[in-house]
1. Answer yes or no as to whether M74 is within 15 Å of P191 (Cα to Cα), within 16 Å of the ligand (Cβ to nearest atom) and assigned to a loop (DSSP other than H, G, I, E, B).
2. Working only within region 58-71, note down all residues that are in a helix (DSSP H, G or I) and more than 16 Å from the ligand (Cβ to nearest atom).
3. In this structure, is T427 free of Cβ contacts under 8 Å to residues at least 24 places away in the same chain and hydroxyl-bearing (S, T, Y)?
4. In the list V377, V331, which residue meets the criterion of being assigned to a helix (DSSP H, G or I), modelled with pLDDT of 95 or more and surrounded by 18 or more Cβ atoms within 10 Å (Cβ to Cβ)?
5. Taking the options S185, S144, S148, name whichever one is on the phi > 0 side of the Ramachandran plot and of a type in the set (S, T, Y).
6. List, please: which pairs have Cβ atoms under 7 Å, are six or more places apart or on different chains, and start with a residue in region 179-197 that is within 21 Å of Q166 (Cα to Cα) and end with one that is within 7 Å of the ligand (Cβ to nearest atom) and part of a loop (DSSP other than H, G, I, E, B)?
7. Where in region 147-252 are there helices (runs of 4 or more DSSP H), lying fully within it, with 2 or more residues that are touching a Ser or Thr at 6+ places or on another chain (Cβ under 6 Å)?
8. Considering D86, D24, D102, D32, which residue is of a type in the set (D, E) and within 16 Å of the ligand (Cβ to nearest atom)?
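The values are calculated or read from the model by the stated rules, or taken from the named source; none is laboratory data. None of these values were measured; they are calculated from a predicted model. Virtual Cβ from ideal backbone geometry, glycine too; neighbours counted across all protein chains shown.
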Amino acid sequence: MSAMSEGEECAVSSFPELIRRKRDGGRLSKQDIRTFVHGVSSGNIQEGQLGAMLMAIWQKGMAADETVALTQEMMLSGEVLQWPADWAGLVVDKHSTGGVGDKVSLPLAPALAACGCKVPMISGRGLAHTGGTLDKLESIPGFSVSQSVEKIHEILVNVGCCIVGQTETLVPADRVMYALRDATSTVDSLPLITGSILSKKGAEGLNALVLDVKFGKAALYKDLNSARELAQSMVTVGNSMGMRTGAVLSRMDAPIGRLVGNTLEVCESLECLKGRGPDDLRELVTSLGGYLLWMSGRVASLARGQEALAGVLGNGAALQKFQAMLQAQGVSADIARSLCCSTTRPADYFLHLKPAQHKAELTVQSDGTVVDIDGMVLAQVLHKLGAGRTKAGEPINHSVGAELLVTLGQQVKKGDAWLRVHYDSPTLDSQQHSDLQASLLIGSADSYHADPRVAEFILPQ
Ligand code: IUR
């Protein structure tokens with residue numbers, strides 16, 4: 001669907017006027033924003049003009065109604081998915097602003113499907129220090145993230161969830177703007193982030209959306225207040241667009257769970273789907289999923305929603321959905337069955353997943369309590385070892401990763417192993433070794449405070 005009919009098309013000469021208005025702190029009308037976004041998706045706006053407009057928006061910001069118009073016009077720059085009328089209220093998804101060890105989408109999508117929802121999860125790839133859901137799933141042999149709109153529909157009918165990459169037809173304006181935001185240092189703009197994320201979620205045709213907005217050392221926003229500001233902006237815009245949208249503010253200092261790196265995170269997701277695995281991962285999955293069930297009216301309270309999610313993780317229903325999703329997206333029936341068999345343990349996953357060639361253990365340097373593990377530092381070292389990419393399109397090594405052998409608050413002794421690094425390069429160099437050692441903070445027992453992952457819920461308004 002196009003945002004503008006032929007007759008309404010504005011001349012290219014109006015772009016300098018729109019740029020000037022925003023640059024001077026003025027407001028853009030709905031029509032101005034339509035002209036601008038149409039210029040982006042039709043290719044009529046020059047790259048320099050687009051860069052200038054992005055910088056003007058970065059500097060002057062946008063009022064809430066301008067951000068809503070921007071998001072809506074971006075969404076309408078491409079196809080908007082449509083679902084059968086009897087799915088009304090069932091179509092849901094989650095978006096995370098990105099973290100270290102954040103594999104929540106892998107157990108969450110099938111768990112929601114097991115609760116009766118339809119989840120057309122369109123995810124991204126990792127960039128900089130954060131991992132990408134698509135990269136994690138691609139460490140499973142045969143898994144295909146490229147699915148047509150028709151196939152997505154078929155998988156939702158038969159399974160209830162899919163996890164796929166952006167299709168060519170959805171939100172073309174975002175692809176152009178996102179690439180130029182990177183090149184013009186305008187990524188960290190509240191209206192541009194809001195427009196980019198919510199236009200894509202809007203194009204999924206969702207009834208309800210939960211946003212996992214992270215704050216902390218390994219998050220896009222380091223402090224709670226700025227994360228709350230982003231969450232509020234996205235909650236306002238999402239609800240104005242007709243998606244029931246709420247947000248969870250979650251801590252992102254130490255990695256989520258105990259495994260970091262694409263293949264290792266698939267292993268930990270399987271453990272979570274088998275009712276095992278780390279508590280903080282289960283807390284995030286049940287909180288985000290429970291919130292969605294409540295927002296979409298399927299349960300009477302958040303607590304009921306959390307119980308429903310915990311139920312399907314515990315009784316194998318979510319695992320069955322994951323197995324069906326793997327098969328629907330190209331994994332052989334044998335591999336899907338073997339990975340998802342409830343008695344298959346982590347070491348056996350490597351019968352099908354590719355392990356790294358080398359493992360090295362790091363040891364604790366003094367007695368005490370594990371007070372912190374800096375997820376950002378850990379992710380940066382793994383990135384250098386090949387786990388992540390610096391530019392879109394670069395190849396990555398799925399097998400690179402790390403296992404935390406200790407948990408926060410644990411008492412440790414000098415010489416205890418605390419980290420096992422999985423890598424393929426010939427050696428871990430001394431800088432990488434010392435950076436990793438510096439990411440572990442050992443202190444006295446009373447300097448450690450146990451905080452839950454989830455700090456706050458932001459209600460839909
Ligand atoms: N992810 C997106 O899809 N868009 C953005 O602007 C950011 C992350 I930052």
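1. Working: within 15 Å of P191 (Cα to Cα): yes; within 16 Å of the ligand (Cβ to nearest atom): yes; assigned to a loop (DSSP other than H, G, I, E, B): no.
Considered against the rule, which asks whether it is within 15 Å of P191 (Cα to Cα), within 16 Å of the ligand (Cβ to nearest atom) and assigned to a loop (DSSP other than H, G, I, E, B), M74 comes out as no.
2. Here is the first cut: in region 58-71, the ones in a helix (DSSP H, G or I) are 58-60, 64-71.
Q59, K60, A64, D65, E66, V68, A69, listed by residue number.
3. Working: free of Cβ contacts under 8 Å to residues at least 24 places away in the same chain: yes; hydroxyl-bearing (S, T, Y): yes.
Yes, satisfied.
4. Numbers: V331 fails: assigned to a helix (DSSP H, G or I).
Just a single option satisfies the conditions, and that option is V377.
5. Numbers: S144 fails: on the phi > 0 side of the Ramachandran plot; S148 fails: on the phi > 0 side of the Ramachandran plot.
The unique qualifying residue is S185.
6. Hits for this filter: R181/V187.
7. Values: elements: 149-158, 172-183, 190-203, 224-240.
Here the list reads 172-183, 190-203, 224-240.
8. Working: D86 fails: within 16 Å of the ligand (Cβ to nearest atom); D24 fails: within 16 Å of the ligand (Cβ to nearest atom); D32 fails: within 16 Å of the ligand (Cβ to nearest atom).
The unique qualifying residue is D102.
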